[in-house]
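The values are calculated or read from the model by the stated rules, or taken from the named source; none is laboratory data. No experiment lies behind these values; they were computed from the predicted model shown. Here the Cβ is made from the backbone with ideal geometry for all residues, glycine too, and neighbour counts use every protein chain on show.
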Amino acid sequence: MILGFDNLGRDTLRVVSRRYVALLRGINVGGKNLISMADLRGEMENAGYKSVQTYIQSGNVLFETDTPRDELERSVEALLAQRLGVPVLVVVRSHRQLANVVASAPEAFGTDRDTYLADVVFLKAPLTSAQAMGAVSLRDGVDRVWAGAGVLYFERLAERISQSRFSRLVGTPQYQRMTIRNWSTTTKLLAILDERIG
């Protein structure tokens, strides 16, 4: 809720919808956890979320709601399990949080696509960046990683991709509270949220 004033100067409280993106992990990959984006949008709308939009098939849902931020991950996960029959990890970031992820990236991160593959590892609380870093295995000269607020930034040298240890994250306990998006998808999601201003 936002505290404001009416035209007589009296205090007022009004509910303001905020913009979010829900990042679903592991759907439509290898024939598992198949979810139609049209069905996903429809169920989100039926549940009361507004301005629902999906981006590509990997499970990126942009929406507006006045539901408190700390309830959203649990609510969307329950929706997926109950309405679509798919238990999926969901990480939610507000427009402001996603903007901070992009703005706080290491200098030049993701800009040299011919040289490096760049990914953002989004972390679901209570997993912290420090805890996630403990699961990271790097190969010298191939992998680079930086910790951010609720994320890890991970780059691998494109010409030596087969030598990267990035995929080793999948076998760690910490991975159960992570979902990964490449830098191009991350910045595109922010651009879509930016377009909704006003």
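Brief remarks on what is shown
- Qualifying residue in the range 67-75 (condition: outside the structural domain of residue 148 (by TED's automatic domain parsing), at pLDDT below 95 and part of a loop (DSSP other than H, G, I, E, B)): yes
- Breaking point among (1) within 14 Å of the chain's Cα centre (by Cα); (2) farther than 23 Å from residue 27 by Cβ; (3) surrounded by 17 or more Cβ atoms within 10 Å (Cβ to Cβ), for residue 155: (1)
- Condition broken by residue 118, with the remaining ones in (1) in contact with a helix residue (DSSP H, G or I) (Cβ under 7 Å, 6 or more places away or on another chain); (2) farther than 24 Å from residue 164 by Cβ; (3) of a type in the set (A, V, I, L, M, F, W, C) satisfied: (2)
- Selection from the range 123-134 of residues that are under 11 Å from residue 152 (Cα atoms) and touching a residue at least 40 places away in the same chain (Cβ under 8 Å): 123, 131, 132
- Pairs linking a residue in the range 163-175 that is on the phi > 0 side of the Ramachandran plot to a residue that is among the charged types (D, E, K, R), with Cβ atoms under 8 Å and 6 or more positions apart or on different chains, do not occur.
- Those residues of the range 137-165 which are farther than 14 Å from residue 117 by Cβ and aromatic (Phe, Trp, Tyr), in sequence order: 146
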